[in-house]
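Right, one structure below, let's go through it.
No lab work stands behind these numbers, since they all come straight from the coordinates. For clarity, every value in this text was computed on a predicted model and none was experimentally measured. Here the Cβ positions follow ideal geometry from the backbone for every residue, glycine too, while neighbour counts run over all protein chains shown.
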Amino acid sequence: MFFKFKKKQTIVDPYQEQQEKLAQIGSLLYQVRIEKDISLKLIEAKTQIPIRLLKAIEKGDLTSLPEPVYIRGLIKQFADIMQLDGTAISNSFPIDIPIKSGKFRSGFRLPSFQLRPFHLYFVYILLVVFSVRGISNILRESATQIAIQPQSSTAVKPTPNKSTKPTASKATPTPKKTPAKPVVTNVKINETSWLKIVADGKTLFEGNLPKGTQRTWTAQQQITINAGNAGGVIVSFNNEKAKPLGKLGQVVTVTYKAKPSGTGDRTRAEANR
């Protein structure tokens, strides 16, 4: 009798590919920089990339670098300074790694779950219970507010004195404030880019947007857009002409503000993490 042994599957860390590729790119950039005798301070002055990030790229230290889409932009600028093909080298660094559903990194499989009719019935019962409880709470609060509402009392009007004439007081008109024009930004993605949208101090979105995506965000005071691939992000501010935020692979931060006069003010600042 022969026994067939099942071949053991090798579980690969989905982020291992990024780590290995970054180590190869960092080693290449380091060797070229040493051969050309270029210092990291000179590269920092030309690219505005901090030295700590340049060292992390050369050492292949993925944990000391920002999100993968930012890493791609940093590699492109680094390689361009070394007179290499920055676009090809940066594109070789993977940013979107598919992770198979149903498995953890350690290789364990999640138990399968089959939806049965009694599950739906249980969910229906929970919805009914919570709905009844919510309605009862609303009715209880309404009854409490009616009970504590003060009753209007009949005030006794004083008898006016004929000898004195009432003095008419003129109310000082309250100056009207010119309402601020809301900030409206229409964003169109021509190339896949990582975005972070902050409106009036509140983060509305953070993540990757694929090519062809169109979004609109509004705010009362200001909107800040962080883009990891500025050349692929086209923005129209308050129905103005749409413009790209920067160049392909460039990391850019742009703030759009509203003024009480009805015109918006745009403040632009580039930032490399």
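Couple of notes before you dig in:
- Over 19 Å apart at the Cα level, from the set 188/247; 211/243; 196/241, are 196/241.
- Among residues other than residue 217 with Cβ under 12 Å from its Cβ, the summed charge is +2 (Lys and Arg +1, Asp and Glu -1).
- In sequence order, region 226-238 has phi-based couplings of 9, 10, x, 9, 4, x, x, 10, 9, 10, 10, 9, 6 Hz under the Karplus curve 6.51 cos²θ - 1.76 cosθ + 1.60, θ = phi - 60°, and Gly or Pro positions carry x.
- Relative contact order %, region 183-269, counting alpha carbon pairs below 8 Å whose residues are six or more apart: 29
- Stretching the chain fully between residue 221 and residue 243 yields a gain of 5.8 nm (0.36 nm per residue, less the alpha carbon separation).
- Close amide-amide hydrogen proximity is noted between residue 205 and 197, each under 5 Å apart and 5 or more residues distant or on a separate chain (H modeled in the peptide plane; Pro and chain starts excluded).
- Sequence ranges 182-191, 128-137, ranked by mean other-Cβ count within 10 angstrom, highest first: 182-191, 128-137
- Region 45-95, relative contact order [Cα under 8 Å, separation at least 6], %: 30
- Rg to Rh quotient for region 183-269, alpha carbon positions, Kirkwood Rh: 0.94
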